[in-house]
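Trainee: The structure under discussion is supplied below as structure tokens; questions concerning it will follow.
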Amino acid sequence: MVQSDKHSDKISKARILVEALPYIKKFKGKTVVIKFGGSLMVDSDLKKQFAKDIVLLRYVGINPIIVHGGGKEISRWMKKVGKDAVFVDGLRYTDDETMELTEMVLSGKVNNDIVSLINQNGGHAVGISGKSANLFRAERIKSKQEKDLGRVGKIVEVDQRLLDSLCSEGYIPVVSSIGADENGDALNLNADNVAASLAHYINAFKLFLLTDVDGLIINGEFQNRFNLEKAKQFLIHPDVKDGMLPKLDYSIHALEEGVDHVHILNGSIEHAILLEMFTDDGIGTMICRENFS
């Protein structure tokens, strides 16, 4: 087969599309939950690329649901108003004033920025929070040392009807990690917890956790893919620590509740989602509920 140097770049691009074709067929009509976080949230160029990638997913028939937090942005605005962040056992203490600011930043600025970028690139994104149509109910939690964290919570129940309705009409939900308890009081939630819980309740095909590391590394070796049982073994490995520990814990919970695949990958890599979804080897760590598929 003759390949002209003149067209080699174009041919390479065509091969990438051909490699992606079976994955596009397989994932068409499926719902995926993507936790948007890490440095991706503060790099304007990466955010624009992320928005384009999300729009592409929707155009090839995949239903993306975006979940976000915004710890760095919250800290920045707290500093602006002269308020110091307080951490208890490594977790941000959220008093009433901090909760008010957190809700303004997450459900206001951060959420609107993501929605706007997706819409500018041809998508139809809608910003919501856990309070919207009682999407999810949360309850207060304490630290591992049983210390008070203020208005910090976790999801205990999800009513997915709003998400189902939005996705069926072609919209891309962008969900801020703000919930409310049974009394209607706002609670600050961990975005990984929100993403894993939503993936479970809506029976998502895939859950993506975007972070600042390439994936899981055990004994100096990058773990490209493994199954749920192996994930449980890794959970007690000394190399699984800091931010990776809760991510793996939430991943296991999502898989146990029916999610087929969880992907932990570096969101600071250009087009990370597309590379992970539509190439044979991917770029991050994929955990499968059962066999590799």
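The values are calculated or read from the model by the stated rules, or taken from the named source; none is laboratory data. These figures come from a predicted structure and were not determined experimentally. Here Cβ is always computed from backbone atoms with ideal geometry, including for glycine, and neighbour counts include all displayed protein chains.
Trainee: Output the number of the condition that LYS10 fails; it satisfies all remaining conditions of (1) modelled with pLDDT under 85; (2) within 24 Å of VAL194 (Cβ to Cβ).
Mentor: With (1) modelled with pLDDT under 85; (2) within 24 Å of VAL194 (Cβ to Cβ) applied to LYS10, the lone miss is (2).
Trainee: Filter region 38-52 for residues that are in contact with a helix residue (DSSP H, G or I) (Cβ under 7 Å, 6 or more places away or on another chain) and modelled with pLDDT of 85 or more; which is nearest to ALA272 (Cα to Cα)?
Mentor: PHE50
Trainee: Please specify each residue of region 146-182 satisfying the condition of being more than 12 Å from VAL126 (Cβ to Cβ), hydrophobic (A, V, I, L, M, F, W, C) and surrounded by 15 or more Cβ atoms within 10 Å (Cβ to Cβ).
Mentor: Selection gives LEU149, VAL152, ILE155, VAL158, ILE178, ALA180.
Trainee: Starting from residues that are farther than 18 Å from LYS28 by Cβ, aliphatic (A, V, I, L, M) and not in a loop (DSSP other than H, G, I, E, B), keep the ones in region 269-285 and report whichever is nearest to the chain's Cα centre (by Cα).
Mentor: Here the residue is ALA272.
Trainee: Only one of these conditions is not met by ASN266: (1) surrounded by fewer than 23 Cβ atoms within 10 Å (Cβ to Cβ); (2) over 14 Å from the mean Cα position of the chain (by Cα). Which number is it?
Mentor: That leaves (2) as the condition not met.
Trainee: Would you confirm whether or not region 13-33 contains a residue that is free of Cβ contacts under 8 Å to residues at least 40 places away in the same chain, under 21 Å from LEU166 (Cβ atoms) and among the β-branched types (Val, Ile, Thr)?
Mentor: The answer is no, given that none of the residues of region 13-33 is free of Cβ contacts under 8 Å to residues at least 40 places away in the same chain, under 21 Å from LEU166 (Cβ atoms) and among the β-branched types (Val, Ile, Thr).
Trainee: Restricting to region 61-83, and then to whatever is β-branched (Val, Ile, Thr) and modelled with pLDDT under 95, can you tell me which residue is farthest from LEU207 (Cα to Cα)?
Mentor: Here is the first cut: in region 61-83, the ones β-branched (Val, Ile, Thr) are 62, 65-67, 74, 81.
Retained after the next criterion (residues that are modelled with pLDDT under 95): 74, 81.
Working: ILE74: 25, VAL81: 36 Å.
Out of the qualifying residues, it is VAL81.
Trainee: Also, quick follow-up: Of the conditions (1) within 17 Å of LEU166 (Cβ to Cβ); (2) assigned to a helix (DSSP H, G or I), LYS10 satisfies every one except a single condition; which number is it?
Mentor: LYS10 satisfies every listed condition except (1).
Trainee: Ok, one more. Given the conditions (1) touching a residue at least 24 places away in the same chain (Cβ under 8 Å); (2) in contact with a Lys or Arg (Cβ under 9 Å, 6 or more places away or on another chain); (3) more than 24 Å from TYR171 (Cα to Cα), report the number of the one that GLY61 does not fulfil.
Mentor: That leaves (3) as the condition not met.
Trainee: Suppose we keep only residues that are assigned to a helix (DSSP H, G or I) and acidic (Asp, Glu) within region 36-95. Which one would you say is farthest from LYS154 (Cα to Cα)? Before you say what the answer is, go through the steps one by one.
Mentor: Going residue by residue through region 36-95, those that are assigned to a helix (DSSP H, G or I) are 38-41, 44-59, 71-80.
Imposing the further condition that a residue be acidic (Asp, Glu) reduces the set to 45, 53, 73.
Numbers: ASP45: 32, ASP53: 29, GLU73: 21 Å.
Among those residues, the one meeting the criterion is ASP45.
Trainee: I need the full set of residues from region 103-126 which are crowded, with 21+ Cβ neighbours inside 10 Å and in a strand (DSSP E or B), in order please.
Mentor: Listed by number, the list holds a single entry, ALA125.
Residue-wise test of (1) surrounded by fewer than 19 Cβ atoms within 10 Å (Cβ to Cβ); (2) in a strand (DSSP E or B).
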residue: GLY184; (1), (2): yes, no
residue: LEU187; (1), (2): no, yes
residue: ASN193; (1), (2): no, no
residue: ALA196; (1), (2): no, no
residue: ALA199; (1), (2): no, no
residue: ASN203; (1), (2): yes, no
residue: LEU209; (1), (2): no, yes
residue: ASP214; (1), (2): yes, no
